[in-house]
Amino acid sequence: MNLLELQDISKIYGNVKALQNIDLTVRQGEWLAIMGPSGSGKTTMMNIIGCMDKPSNGAVILDGTNISKESAKSLTGIRRDKIGLIFQQFHLISYLTALENVMVAQYYHSMPDEKEALQALERVGLGDRARHLPSQLSGGEQQRVCIARALINYPMLILADEPTGNLDEANEGIVLDIFKQLHKDGSTIVVVTHDPEVAEEAQRTVVLEHGRIARIVENEK
Amino acid sequence: MFWRMVKGAFLRQKGKMLMIAFTIALGASLAAAMLNVMLDVGDKVNQELKTYGANINVLPKGASLLDDLYGVGEGSGVSDQYLKESELGNMKTIFWAHNIVDFTPYLNAKVKLAAQDSEVKLVGTWFSHHLDLPTGESLDTGMESMKSWWDVSGQWLADQDENSAMVGSLVAGRNNIQVGDTITLESGERTKKLTVKGIFNAGSDEDEQIYVPLPTAQELADRAGLVSSVEVSALTTPDNELARRAAQNPNSLSIKEQETWYCTAYVSSICYQIEEVITDAVAKPIRQVAESEGAILEKTQLLMLLITILSLVGSALGISNLVTASVMERSREIGLLKAVGARNSPITWLVLTEILITAVVGGVVGYFAGLGFAQIIGHSVFGSAIDIKPMVIPLVAVLVALVTLAGSIPSIRLLLSLRPAEVLHGR
């Protein structure tokens, strides 16, 4: 069953065609990687899939609903209920602890639950760092807080933008292990990356070039 | 969670929040100071202007009519109508008794200086008269406090100096009279020798007159217990349309308007009430004085209002810049909140709550600083303290809230326009 379908998607900024005629489907429970050089349209695609932008043309079907014509307010609701976002820059709120950063997502979704937020942090191996501020955490730990925040509302789709881009090898390994576990547990994951090693962990890799899909590679792992 | 985020924002942006609070405090302090001064300035300006003389003239009805028709209202020699000295204390029993600051009666008579053919105007008056009022209170009033600008060589008279006189500088010059000389006044069959205790220069036609204690003039004019006119110095509220209509005809007002007029210290209202307590009297405002008071007061209040408005506009602009800078600085954080599903309204409330808390702190500090400024203005301009008006508190609170909200509008617009994709991914 397809969770996400991109049908003939284009995105045009003035004279720049960021994406052109993209057709793509993501099955429920699938781990998909999107690769490509800078300017190939990876981030634009992530913004559209993550309901943070709308395509100029084409349709985005998420969980059976065409969301390409939805209002900004409605897209906020869809993002809150169905998508978990993980960023390369982590984007943690500097004056809140790791636990509170996770609870922020709960607060705007339904109701903060400290116990549940703590469990999410324990799931990514940060139970003992819950009361630390982001500035007291390493890059890898901050990314794991970001993953816990993305998971806290049980999203249908986990969307990660260069999740290991700012991490050393050891932390990259820890984060990939978490992704593997999430995939094993049945989560649908879309990872935007330029790192072939990260992409190889996914089931399929979509390679973008100049805003178009150049090829789709089925990974053997 | 909400309050944790508010607290966190305060701790993280201490400097900026302090600047916003300082800007609000500055506006609030000026508003509080100006409003307190503005509400008290009426009394203060009135008190200042009272040092320049009376603003109400009370005449007998007949003399008033002659004054209206022919421009003469001098009592003796023109009209044989007088007011009763015994009724003058009643003026301190009217509704606006406390606004009657000073008053003094005059009895005018024409007398001859011995060995001179021409007549001189003699004025009997109270100089510093102690009066026991019908209410049981007492009052000291008279010329000395009402003509404070007179330049007197020698001494002011006291009311018990019944054998002394003060002579106008022109009369003294013409007749070569010096302080300490004895002058003889003749009025018909009566003569009286008086010692010149003071020679005054008033800078007006009063310099052509001789002033004596009221009983002396009553004796010479044979008008015991009578006075020609009374000058009253009263604290008044500047006239408005209602007061002008009432001055023309109090009966033209509705009952409610009459009540408002009667219970406001308009000069016409005080005149009306004086007429109620003195038999056959007509109390008339000395228009130039009353109107000057009103004009000065209105202009002073307008100036204060303008300063208040400008200071608040300045504060709003300052707040606008600071809050917008704060939102720009936090654009990634706001973008993140939107990315994790926060709608515009909760984020707006979050930012507004931070600003309003800052405004409360700034407003309270500013209000008390404003009270200090008001006292500085009071002492340096009027030489006395400014009365603190409790009604300024809600006024300042409303003004601070409005200015803060108005100053926050640009930042809220910026906040609403922030798109998570732009601030988080640069697109």
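Side notes on the structure shown:
- When region B:181-226 is filtered for residues that are part of a strand (DSSP E or B) and among the hydroxyl-bearing types (Ser, Thr, Tyr), the ones remaining, listed by number, are B:Thr182, B:Thr184, B:Ser187, B:Thr191, B:Thr195, B:Tyr211.
- Being under 28 Å from the mean Cα position of the chain (by Cα), surrounded by 16 or more Cβ atoms within 10 Å (Cβ to Cβ), of a type in the set (D, E, K, R) and within 24 Å of B:Val101 (Cβ to Cβ) is a property that B:Glu137 lacks.
- Count - residues of region A:50-66 that are buried (at least 20 other Cβ atoms within 10 Å of the Cβ) and within 16 Å of B:Arg419 (Cβ to Cβ): 5
- Residue check for B:Glu333: acidic (Asp, Glu), in contact (Cβ under 8 Å) with a residue 60 or more places away in the chain and within 25 Å of B:Ala21 (Cβ to Cβ): no
- Here B:Ser326 fulfils each of the conditions (1) surrounded by fewer than 16 Cβ atoms within 10 Å (Cβ to Cβ); (2) within 14 Å of another protein chain (Cβ to nearest Cβ); (3) modelled with pLDDT under 85 apart from (1).
- Boolean, A:Glu220 is surrounded by 14 or more Cβ atoms within 10 Å (Cβ to Cβ), out of contact with any Lys or Arg (no Cβ under 7 Å at 6 or more places or on another chain) and not in a strand (DSSP E or B): no
- Taking region A:188-211 as the range and being in a strand (DSSP E or B) and either surrounded by 15 or more Cβ atoms within 10 Å (Cβ to Cβ) or in contact with a Lys or Arg (Cβ under 6 Å, 6 or more places away or on another chain) (or both) as the test, the residues that pass are A:Thr188, A:Ile189, A:Val190, A:Val191, A:Val192, A:Arg204, A:Thr205, A:Val206, A:Val207, A:Leu208.
- Residue selected from region B:329-352 under the condition within 7 Å of chain A (Cβ to nearest Cβ) and outside any helix (DSSP H, G or I), by the criterion nearest to A:Leu85 (Cα to Cα): B:Val340
- Index of the failed condition, B:Glu231 passing every other in (1) surrounded by fewer than 17 Cβ atoms within 10 Å (Cβ to Cβ); (2) modelled with pLDDT of 80 or more; (3) within 20 Å of B:Asp102 (Cα to Cα); (4) among the acidic types (Asp, Glu): (1)
- Number of the exception - B:Lys121 against (1) within 22 Å of B:Leu83 (Cβ to Cβ); (2) surrounded by fewer than 16 Cβ atoms within 10 Å (Cβ to Cβ); (3) among the basic types (Lys, Arg): (2)
- Test: residue in region B:182-195 that is at pLDDT 90 or above and farther than 18 Å from B:Ala109 by Cα: yes
- Selection count, region A:29-57, where residues are farther than 16 Å from A:Arg212 by Cα and either out of contact with any helix residue (DSSP H, G or I) (no Cβ under 8 Å at 6 or more places or on another chain) or more than 14 Å from every other protein chain (Cβ to nearest Cβ) (or both): 4
Yes or no, residue by residue, for (1) polar (S, T, N, Q); (2) assigned by TED's automatic domain parsing to the domain that holds B:Thr93; (3) in contact with a Leu (Cβ under 8 Å, 6 or more places away or on another chain):
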| residue | (1), (2), (3) |
| --- | --- |
| B:Ile177 | no, yes, no |
| B:Lys192 | no, yes, yes |
| B:Ser204 | yes, yes, no |
| B:Ser233 | yes, yes, no |
| B:Thr236 | yes, yes, no |
| B:Asp239 | no, yes, no |
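- Of the criteria (1) out of contact with any strand residue (DSSP E or B) (no Cβ under 6 Å at 6 or more places or on another chain); (2) surrounded by 16 or more Cβ atoms within 10 Å (Cβ to Cβ); (3) not β-branched (Val, Ile, Thr), which one B:Lys284 fails: (1)
- Selection status of A:Ala33, over 19 Å from B:Glu422 (Cα atoms), surrounded by fewer than 22 Cβ atoms within 10 Å (Cβ to Cβ) and among the small types (Gly, Ala, Ser): no
- Flag if B:Glu422 is in a helix (DSSP H, G or I) and either surrounded by fewer than 17 Cβ atoms within 10 Å (Cβ to Cβ) or not assigned by TED's automatic domain parsing to the domain that holds B:Ile319 (or both): yes
- A count restricted to region B:373-419 and to residues that are of a type in the set (Gly, Ala, Ser), surrounded by 13 or more Cβ atoms within 10 Å (Cβ to Cβ) and either over 24 Å from B:Val360 (Cβ atoms) or without any contact (Cβ under 8 Å) to a residue 24 or more places away in the chain (or both) stands at 2.
- Residues (charged (D, E, K, R) and more than 49 Å from the chain's Cα centre (by Cα)) located in region B:321-360: B:Glu329, B:Arg330, B:Arg332, B:Glu333, B:Lys338, B:Arg343
- With respect to the stated conditions, A:Ile86 fails to be facing chain B (nearest Cβ under 10 Å), of a type in the set (A, V, I, L, M, F, W, C) and in contact (Cβ under 8 Å) with a residue 12 or more places away in the chain.
- Members of region B:1-34 found to be farther than 12 Å from B:Val361 by Cβ, small (Gly, Ala, Ser) and more than 9 Å from every other protein chain (Cβ to nearest Cβ), listed by number: B:Gly15, B:Gly27, B:Ser29, B:Ala31, B:Ala32, B:Ala33
- Of all the criteria given as (1) away from chain B (no Cβ under 13 Å); (2) in contact with a His (Cβ under 9 Å, 6 or more places away or on another chain); (3) among the β-branched types (Val, Ile, Thr), the one not satisfied by A:Val60 is (2).
The values are calculated or read from the model by the stated rules, or taken from the named source; none is laboratory data. Just so it is clear, the model here is predicted, and its values are computed rather than measured. Note that we place each Cβ from the backbone using ideal geometry, even for glycine, and neighbour counts take in every protein chain shown.
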